[in-house]
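For reference, the structure is listed below as structure tokens.
The values are calculated or read from the model by the stated rules, or taken from the named source; none is laboratory data. Every value quoted in this text rests on a predicted model; they were computed, and no experiment measured them. Ideal geometry is used to build each Cβ from the backbone, glycine not excepted, and the neighbour counts take in all protein chains shown. Note: areas computed on protein heavy atoms with side chains; ligands, DNA, RNA excluded. Shrake-Rupley method; radii C 1.70, N 1.55, O 1.52, S 1.80 Å.
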Amino acid sequence: MCISPVLQKVLTYDIARLAKLVIGCEENDAIGCYDRIANPLGYIQCRRLGMPMSAIKALALTWANMVHVIRTAYGRSSSAYRSTPRLPLYGAGQGSTNGPFFWLLMFILTSSAHGRPFMPRGLETRLWMIHILA
């Protein structure tokens with residue numbers, strides 16, 4: 001068993017190369033997962049699930065026009081930032097109630113791209129499969 005993540009990665013790539021295997025690797029620590037969601041992909045997935053276009057447009061406009069500030073016990077910051085066409089911000093944002101849902105959509109999209117859809121064990125999956133992976 002390898003306890004060094006760097007050595008484990010090197011060994012994995014070396015073994016794949018020597019065995020002439022095709023591998024795909026995804027590195028994801030999920031620390032900033034909500035900030036790395038590609039919003040347009042989330043909107044497409046929402047549409048695929050049957051969300052009305054008016055609701056998707058309202059969500060997109062809200063996120064595009066949102067002004068972000070930092071608030072602490074000492075008060076609110078004097079500077080702010082927002083999404084611009086030149087520098088778009090991605091993700092649902094930390095603390096957003098939409099974040100977990102959009103992260104699930106991205107996870108489903110990623111896992112289905114690998115050819116084998118993710119199947120939760122011990123849960124009722126039939127309805128989930130019909131609506132999301134169909």
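Of note:
- Per-region count, segment 85-114, residues out of contact with any Ser or Thr (no Cβ under 6 Å at 6 or more places or on another chain), open to solvent by 40 Å² or more (accessible area, probe 1.4 Å) and under 15 Å from Pro40 (Cα atoms): 11
Conditions (1) at pLDDT 85 or above; (2) more than 16 Å from the chain's Cα centre (by Cα); (3) part of a loop (DSSP other than H, G, I, E, B), marked per residue:
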{"residue": "Ile3", "(1), (2), (3)": "no, yes, yes"}
{"residue": "Val10", "(1), (2), (3)": "yes, yes, no"}
{"residue": "Asp14", "(1), (2), (3)": "yes, yes, no"}
{"residue": "Gly24", "(1), (2), (3)": "no, yes, yes"}
{"residue": "Tyr34", "(1), (2), (3)": "no, no, no"}
{"residue": "Gly42", "(1), (2), (3)": "yes, no, no"}
{"residue": "Ala55", "(1), (2), (3)": "yes, yes, no"}
{"residue": "Ser78", "(1), (2), (3)": "yes, yes, yes"}
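- Scope segment 80-111; condition at pLDDT 85 or above and among the aromatic types (Phe, Trp, Tyr); matching residues: Tyr81
- Search result, residues across segment 55-79 that are small (Gly, Ala, Ser) and surrounded by 10 or more Cβ atoms within 10 Å (Cβ to Cβ): Ala55, Ala58, Ala60, Ala64, Ser77
- Single condition Leu133 does not satisfy, out of (1) aliphatic (A, V, I, L, M); (2) over 21 Å from Asp35 (Cβ atoms); (3) modelled with pLDDT of 85 or more; (4) under 20 Å from the mean Cα position of the chain (by Cα): (3)
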